[in-house]
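This report refers to the structure that appears directly beneath it.
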Amino acid sequence: MDAAADWLVDSLRLYRDLHAFELPGPTRVVEWTDNQGVYVAGCESQKRNEVLHLLLPPKLSAENQGLCPERDFRVKHGGFSDKPVYNLKHVPETRLLVTSGLPGNSLQIWQVEEDSDMIKAVSTIALHGAKSNLWPKIDVVISEVPKVLHGSRVSDLDITELESQKTLCLSGGNDNEEEISSLQVLDADTFFFCSASGQLGLVDIRQKLGDSKRTASSPGPGGEWWCASVQTSGKGSGLIASLSSSGQLQLTDLRDLDHPVTTVQCPVSMPSPDWGLLRVTWAPSLEGCLAISGFDGTVQIYDTTSWERNGSHVEPIFIHKGHLFMDGTERDMLSLVTTHSWHPSKPRTLLSAAADASLHVWDWVDACRCSS
């Protein structure tokens with residue numbers, strides 16, 4: 001049998017559940033609304049892109065996981081964006097969404113209609129001084145007044161109230177022109193960023209950016225792109241995972257940004273062909289587990305608690321290859337994974353999307369190396 005046929009046979013024992021869905025176009029975003037639904041949005045240029053609220057297959061969202069007649073995603077709400085969507089965030093406990101993309105001189109605010117199936121654009125936040133060729137990274141600040149943290153460079157980080165559009169400038173005259181690759185709100189007063197060169201930063205909005213704690217140099221060799229994510233739950237809270245475009249992965253304590261705890265090499269097939277698609281994410285319900293994607297048509301799962309020494313080559317505990325082989329034939333760049341996301345409460349369930357517009361939700365069989 002060829003590789004595709006081998007995988008199809010192996011999938012019977014590798015997965016508890018595996019569902020595939022075809023989107024109208026590729027997406028870079030998978031944003032959870034709750035345990036049962038996600039938002040996705042198209043990312044293609046020179047066309048109108050759909051913004052969709054999808055409900056998971058009932059078999060994955062129902063409390064009683066018995067026989068379910070429907071095994072597909074269902075569209076609950078939808079709308080259209082005139083520009084590609086590269087980032088999308090849902091504002092918790094509201095019906096509001098915030099999106100960004102190219103050109104990067106504005107953010108779009110959306111509202112999910114309560115009495116219809118529409119998602120409507122309601123306002124635009126102009127980003128003064130922003131470069132249109134750099135798209136702003138965004139995250140939502142949880143507070144009484146809904147706010148969005150945004151910035152494409154370290155020097156233009158701001159927080160804007162969604163309703164009044166009042167902006168708090170965080171740069172304080174900082175002239176750091178480093179492009180931001182990752183942006184993550186940690187609580188009402190602090191957030192984390194990673195720059196394209198790998199610089200890590202922890203910012204307290206009650207201080208000037210220049211007074212905030214951050215590294216002074218890149219953690220890896222020049223010429224690579226880096227992204228990062230902070231673990232926010234479990235015993236490892238405060239641990240940063242930084243991923244380079246060559247597959248190098250560093251773990252750093254949030255309390256000591258200058259000295260990585262561990263540096264390992266992941267067995268990626270090739271350097272990432274599109275740095276903007278690099279993803280590293282921590283599992284919310286599996287101690288020490290993380291996922292990476294953006295190198296090829298796979299999502300790799302790692303157990304960081306088993307990493308014994310610095311500088312070692314590590315192996316994933318599971319690899320999702322469905323985007324390569326799902327249709328029974330082996331594919332190449334069309335299957336490049338564009339994003340992935342862990343289910344908020346189901347420990348081994350992830351969603352992943354690829355450049356061919358496929359969207360998968362999958363639950364892999366426990367390899368007995370991670371415990372929930």
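A simple packing score, the average count of other Cβ atoms within 10 Å per residue, orders the peptides 299-311, 26-38 as 26-38, 299-311, with the highest score first. How far is the Cα center of region 118-180 from the Cα center of region 250-326, in Å? About 29 Å separates the Cα centre of region 118-180 from the one of region 250-326.
Is the C-alpha gyration tensor of the chain telling us rounded, prolate or oblate? Criteria: a/c under 1.5 is rounded; beyond that, a/b larger than b/c is prolate, otherwise oblate. Oblate, because a/c is 1.5 or more while a/b does not exceed b/c.
Among the listed pairs Lys89/Lys120; Lys137/Lys346; Lys83/Lys137; Lys89/Lys137; Lys235/Lys346; Lys83/Lys131, which have their C-alpha atoms separated by more than 22 angstrom in this model?
Details: Lys89/Lys120 15 Å; Lys137/Lys346 27 Å; Lys83/Lys137 16 Å; Lys89/Lys137 10 Å; Lys235/Lys346 18 Å; Lys83/Lys131 16 Å.
Listed pairs above 22 Å: Lys137/Lys346.
Sequentially through region 317-326, phi angles give Karplus couplings (6.51, -1.76, 1.60; θ = phi - 60°) of 8, 7, 10, 7, 10, x, 5, 7, 10, 4 Hz, Gly and Pro residues having no value and appearing as x.
Here the dipole of the chain is about 200 debye; that uses its Cα centre as origin and unit charges on the Cβ of Lys and Arg (positive) and Asp and Glu (negative).
Taking the helices alone, the chain has a mean residue ellipticity at 222 nm of -1500 deg cm²/dmol, built from -39,500 (n - 2.57) per DSSP H run of at least 4 residues and averaged over all its residues. Under a 5 Å amide H cut-off, with hydrogens placed 1.01 Å from N, Gln199 pairs with nothing among residues at least 5 apart or on other chains.
Taking R0 as 30 Å, what FRET efficiency do you get between His313 and Asp17 from their Cβ-Cβ distance, rounded to the nearest 0.05? Between His313 and Asp17 the formula returns 0.45. Extension gain for the segment Ser164 to Asp204, taken as residue separation times 0.36 nm less the Cα-Cα distance, is 12.2 nm to one decimal.
Ranking Val91, Thr160, Thr263 by how far each Cα lies toward the positive end of the dipole of the chain (charges on Cβ) leaves Thr160 at the top.
Were the residues from Leu8 through Gln265 laid out at 0.36 nm apart, the gain over their Cα-Cα distance would be 89.7 nm.
Bear in mind that the values in this text are calculations on the coordinates, not laboratory data. Small disclaimer: the values here were computed from a predicted structure and weren't measured. We place every Cβ from the backbone using ideal geometry, glycine too, and count neighbours over all the protein chains shown.
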